[in-house]
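The values are calculated or read from the model by the stated rules, or taken from the named source; none is laboratory data. Note that the structure is predicted; figures quoted are calculated from it, not measured. Using ideal geometry, Cβ is built from the backbone for each residue, glycine included, and neighbour counts are taken over all protein chains shown. Surface areas here come from the heavy atoms of the whole protein model, side chains and all, with no ligands, DNA or RNA. Shrake-Rupley method; radii C 1.70, N 1.55, O 1.52, S 1.80 Å.
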Amino acid sequence: MPRQRPSVDELRRLFAYDLVSGILSSKNGDIRIFEMGGGRYFAASFGGATWLVHTIIWAIVTGEYPKETVDHKDLDGLNNRWNN
């Protein structure tokens, strides 16, 4: 059974994101954010699932999940600045 994506409103309640620095942080400190894929991306674990941070950021900023795969312009998966 596929995992249920959290709503954008839930993501906005759980996380703070800085467009300039690219840093996503847990508002309450209870969510683990870590490097995955051999240090290629950041991910966040909560609600029994793991989510790619750049997908969470896209949803928070645009108000919806991406319809296609989202990746980084400079191919640095750890650079989550919005302009990337």
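Yes or no, residue by residue, for (1) touching a helix residue (DSSP H, G or I) at 6+ places or on another chain (Cβ under 7 Å); (2) open to solvent by 100 Å² or more (accessible area, probe 1.4 Å); (3) modelled with pLDDT under 95; (4) under 19 Å from residue 66 (Cα atoms):
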residue: 4; (1), (2), (3), (4): no, yes, yes, yes
residue: 9; (1), (2), (3), (4): no, no, no, yes
residue: 29; (1), (2), (3), (4): no, no, yes, no
residue: 32; (1), (2), (3), (4): no, yes, yes, no
residue: 38; (1), (2), (3), (4): no, no, yes, no
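Restricting to the stretch 65-84, count the residues that are open to solvent by 90 Å² or more (accessible area, probe 1.4 Å) and either among the polar types (S, T, N, Q) or more than 14 Å from residue 16 (Cα to Cα) (or both).
6
Give just the number: which of (1) on the phi < 0 side of the Ramachandran plot; (2) modelled with pLDDT under 95 does residue 14 not satisfy?
For residue 14, the failing item is (2).
Is at least one residue of the stretch 43-58 in contact (Cβ under 8 Å) with a residue 60 or more places away in the chain and out of contact with any helix residue (DSSP H, G or I) (no Cβ under 8 Å at 6 or more places or on another chain)?
Looking through the stretch 43-58, none of the residues is in contact (Cβ under 8 Å) with a residue 60 or more places away in the chain and out of contact with any helix residue (DSSP H, G or I) (no Cβ under 8 Å at 6 or more places or on another chain).
Would you please list the contacts, defined by Cβ atoms under 7 Å and residues six or more apart or on different chains, that run from a residue in the stretch 1-29 that is in a strand (DSSP E or B) to a residue that is of a type in the set (Lys, Arg) and surrounded by 11 or more Cβ atoms within 10 Å (Cβ to Cβ)?
Qualifying pairs under 7 Å: 15/27; 16/27.
Can you pull out the residues in the stretch 60-79 that are among the polar types (S, T, N, Q) and either outside any loop (DSSP other than H, G, I, E, B) or under 11 Å from residue 8 (Cα atoms) (or both)?
Within the stretch 60-79, 62 is the sole residue that qualifies.
As an exercise: evaluate residue 57 against (1) among the aliphatic types (A, V, I, L, M); (2) buried (at least 16 other Cβ atoms within 10 Å of the Cβ); (3) assigned to a strand (DSSP E or B) and give the number of the one condition it does not meet.
(3)
Does residue 62 fit the bill of being modelled with pLDDT under 95 and either in contact with a strand residue (DSSP E or B) (Cβ under 6 Å, 6 or more places away or on another chain) or β-branched (Val, Ile, Thr) (or both)?
no
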